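Take a look at the structure below.
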Amino acid sequence: MENLNFIDPLLHGITPNPASKLSVRNLVCAGISTLVVGAVLKKAGHSKTAAVVGGLALPLLASACYKKLSKISKDKKAETESSGIEYNH
């Protein structure tokens, strides 16, 4: 029979890899570092390179904020959700 793993990989036990293993702290440090490096490059006279490097700061900081907010909302949801099993004490 044909190998049909491409139809639905989850049925065959193939799980996708996580998108990012970077922590929020690492992303924030990387975003701030790119801002600093961009400023240093601009002072050194490399304005085009500084613009490219500095342009990476916003996506890094935005992804850090998104990751933190999603973690907070997931924690709040886990606190309010019940497992459906009520214990009688």
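The values are calculated or read from the model by the stated rules, or taken from the named source; none is laboratory data. Keep in mind that what you see is a predicted model, and the values were worked out from it rather than measured. With ideal geometry, Cβ positions are generated from the backbone for all residues, glycine too; neighbour counts draw on all protein chains shown. SASA here: full protein model, heavy atoms, side chains in, ligands and nucleic acids out. Shrake-Rupley method; radii C 1.70, N 1.55, O 1.52, S 1.80 Å.
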Look through the range 41-80, keep the residues that are among the hydrophobic types (A, V, I, L, M, F, W, C) and exposed (fewer than 12 other Cβ atoms within 10 Å of the Cβ), and return whichever of them is farthest from Val24 (Cα to Cα).
-> Ala44
Right, Ser33: modelled with pLDDT under 95 and either of a type in the set (Gly, Ala, Ser) or open to solvent by 70 Å² or more (accessible area, probe 1.4 Å) (or both) or not?
-> no
Looking at Leu10, Leu22, Leu4, which one is modelled with pLDDT under 95, out of contact with any Gly (no Cβ under 9 Å at 6 or more places or on another chain), of a type outside the set (Gly, Ala, Ser) and assigned to a helix (DSSP H, G or I)?
-> Leu10
